[in-house]
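Take a look at the structure set out below.
A short reminder: the numbers here are calculations on the coordinates, not readings from a lab. The structure presented is a predicted model; accordingly, all values stated were derived computationally and were not measured. Because the Cβ atoms are built from the backbone with ideal geometry, glycine has one as well, and the counts that use them run over all protein chains shown.
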Ligand SMILES: Nc1ncnc2c1ncn2[C@@H]1O[C@H](COP(=O)(O)OP(=O)(O)OP(=O)(O)O)[C@@H](O)[C@H]1O
Ligand SMILES: [Mg+2]
């Protein structure tokens, strides 16, 4: 016998398959219903075959199915629907309770055209495969991936926070170390510069007096014997030392030296302020008054460079060291003016933010590059020519704001400008009770 032609395909093959198989015609009348379908629907083949599918199963996704069947009839191509698009076609109980977690069987459905000898589509064969296990597995996998991804994100955020904390720690450690160094250097220089300054003041007076005395002598020169050897010696010495020039220059030298000494004193004072920012009066201050008085002081530096825009908000009085904050504002304003080449705008904004006050000083100046931005608060970091900047302004300001338990931040765009944000706690530092009265 010819196995392939003589076999009872329906009974021995199609009914034994672990797959739902049924045939419908173009009107969705059921032509065939295999055993898998019988078992899972509870509907025997005799009561299904010859009837319309939708009458038998009112919950069936009618429109979707009609469209699919029609498509297969017209195109004579296979159509497919996976469990991910449509979890199931028939709501079958799923037969693997061990896997748990799902109520119904997940199904992959395919629709194939059944052709007659002439190649005309006469029916559609629908097969339904149970893919519950794979679906559960895929779903769990997806959930696991999502959890992993979420954990990874949390870790990423945590690492970023750690990095920030570490860099802040490094920054404040560096500042503390530099502060100590600065305090030491300032202390060492303070004494000698003190007596140099006081001696210079006396020396300036003494030289002036000596010159005065000499001039008195010169006045009586005429009355002496011009041919005497003493007069000759005087004339020779005058020539040798270039007396006229010396008298003229001595005053300039003294003034210049005094200027230099004053500059060194100022640097020492800044250094001391940077390391001991604890002196000064702690009290409630109106920050707008502080800023306005600083603007007055700095007006000379600012007026040719910038238009000042004030955007003052409703801000309560802040417990602070007003004179120290003035220094911060002064440094910010002067830096802003220096950064502006021709003419620009400096905007000062204030606002209350919860328990804090935010003061913003923004300029339309040259801005800073990454390196400058990173080092702006570092003592002695300056991009200004010798004599113009010492590089202490911002480190000093950093120290002052730190003492207030506030925060100073900077944002800058090269060629566009710079913005400094200062956050100050309205009620002062948390440790304010321990502060000197
Ligand atoms: N608003 C700003 N725009 C552009 N660069 C700035 C600004 N503020 C500060 N900088 C940069 O930061 C550097 C350090 O500023 P800092 O005030 O500490 O020192 P300085 O102004 O150079 O000297 P000084 O001690 O006289 O203030 C400046 O030299 C400058 O390069
Ligand atoms: Mg400065």
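Points to keep in mind about this one:
- Value of Rg to Rh for region 297-354, rounded to two decimals, is 1.02; Kirkwood radius and Rg both from alpha-carbon coordinates.
- The angle between the Cα long axis of helix 62-75 and the longest principal axis of the Cα atoms of the chain comes to about 80 degrees, rounded to the nearest 10.
- Computed over region 282-434, relative contact order equals 24 percent, with contacts defined as Cα pairs under 8 Å that lie 6+ residues apart.
- Calculated on alpha-carbon atoms, Rg and Dmax of region 178-275 in Å: 20.9, 68
- Relative contact order of the chain, pairs being alpha-carbon contacts under 8 Å that are 6 or more residues apart, as %: 9 percent
- Rounded to the nearest 5, the antiparallel percentage of DSSP beta bridges internal to region 282-434 is 80%.
- Mean separation of Cα contacts under 8 Å, 6 or more apart, over the residue count of region 3-130: relative contact order %: 26 percent
- Descending principal axes extents, region 352-437, alpha-carbon based, whole Å: 43, 27, 18
- Long-range tail of P(r) for the chain (Cα pairs > 33 Å, %): 64 percent
- With Cα atoms, 0 to 90° folded angle of helix 393-403 axis to the chain main axis: 70 degrees
- Taking 12, 94 and counting other C-beta atoms within 10 Å, the order from fewest to most: 12, 94
- Expressed per residue, the C-alpha convex hull volume of region 282-434 stands at 109 Å³.
- Percent of beta bridges antiparallel (DSSP, the chain, rounded to nearest 5): 90 percent
- Estimated inter-spin distance, residue 373 and residue 286, nm [label 7 Å along Cα→Cβ]: 3.7 nm
- Region 340-399 versus region 30-78: alpha-carbon centroid distance in Å: 77 Å
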